[in-house]
Amino acid sequence: MIPDAERAAEFAEAGRKLFAGSCEFIWGAVDIDGLPPMGPPEIAFAGRSNVGKSSLVNALTGRAALARVSQTPGRTQQLNFFAAGGPPGAERLRLVDLPGYGYAAVGKQKSHDWGRLSQAYLAGRATLARVFVLVDGRHGLKDVDLATMKIFDGSAVSYQVVLTKFDEVKPALREERVSETLAALTKRPAAYPEVLWTSSRTGEGVPELRAAVMKLLAEKGA
Ligand code: GDP
């Protein structure tokens, strides 16, 4: 049997390689009829507006401006698909950037639209391997995060929490933030029992996120 540490190193290296390759925007969907045909496994990114989702997608893929870093929270209301690990049409993996949720300025109607399109996508997508739910590491889980996770639990969509902006969390508090987050997830049926943390600013945690993606692909046999 291969020791865990060795496997972890293999996933980290495979992740580095995959994301060092091309990554391109392939599709934007504004309604459920506008989703791309299903293809390779998809990993989706969800989180409150301004959680640092665009920055993390950019850090993950090593692209400065793949996902737009917005100064205006809640503006992007579409599902954006990116092809990674091979050219579009022959990609190994797709990244799906879900609209940010829970920002009051978006207004009731648009929040509702987030729910409808995202929920329809989540519930009906056989190729969706996991949703990475980004949570602001400075604050931990908020009610709106828990409410969104309830939707994922209801659709039996596997999700994993990633704490963002950890450069702004004092090193002495980091372990506690991770363990309290993990503790809050234990009774959630579709939550992956491991919490990751990242900083797009320093790059910390990004190799671990890439490794988690590769482990997931390996589990899916993809
Ligand atoms: P999105 O709305 O979730 O896509 O968030 P953005 O990626 O646009 O980031 C929102 C704000 O948080 C921006 O001002 C970013 O510069 C900032 N930000 C994003 N990631 C980090 C991070 O890792 N550390 C710190 N300190 N700030 C970040």
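Remarks
- Which listed residue, of 165, 170, is free of Cβ contacts under 8 Å to residues at least 12 places away in the same chain and basic (Lys, Arg): 170
- Matching option when the condition is on the phi > 0 side of the Ramachandran plot, within 16 Å of the ligand (Cβ to nearest atom) and in contact with a strand residue (DSSP E or B) (Cβ under 9 Å, 6 or more places away or on another chain), among 52, 28: 52
- Hits in region 163-187 - residues which are among the hydrophobic types (A, V, I, L, M, F, W, C), in contact with a Lys or Arg (Cβ under 7 Å, 6 or more places away or on another chain) and within 21 Å of residue 131 (Cβ to Cβ): 163, 166
- Looking only at region 83-122, residues that are away from the ligand (no atom under 14 Å from the Cβ) and at pLDDT 90 or above come to 15 in all.
- Options 155, 199, 179; residue that is touching a Phe, Trp or Tyr at 6+ places or on another chain (Cβ under 8 Å) and of a type in the set (S, T, N, Q): 199
- Just so you know, in region 205-222 the residues that are touching a strand residue (DSSP E or B) at 6+ places or on another chain (Cβ under 8 Å) and open to solvent by 60 Å² or more (accessible area, probe 1.4 Å) include one that is farthest from residue 91 (Cα to Cα), and it is 208.
- Residues within region 149-197 that are open to solvent by 30 Å² or more (accessible area, probe 1.4 Å) and not in a helix (DSSP H, G or I), tallied: 13
The values are calculated or read from the model by the stated rules, or taken from the named source; none is laboratory data. Because the structure is a prediction, the values reported are computed rather than measured. For neighbour counting, all protein chains shown are included, and Cβ atoms are generated from backbone atoms with ideal geometry for every residue, glycine included. Surface accessibility is based on the protein's heavy atoms, side chains included, excluding ligands, DNA and RNA. Shrake-Rupley method; radii C 1.70, N 1.55, O 1.52, S 1.80 Å.
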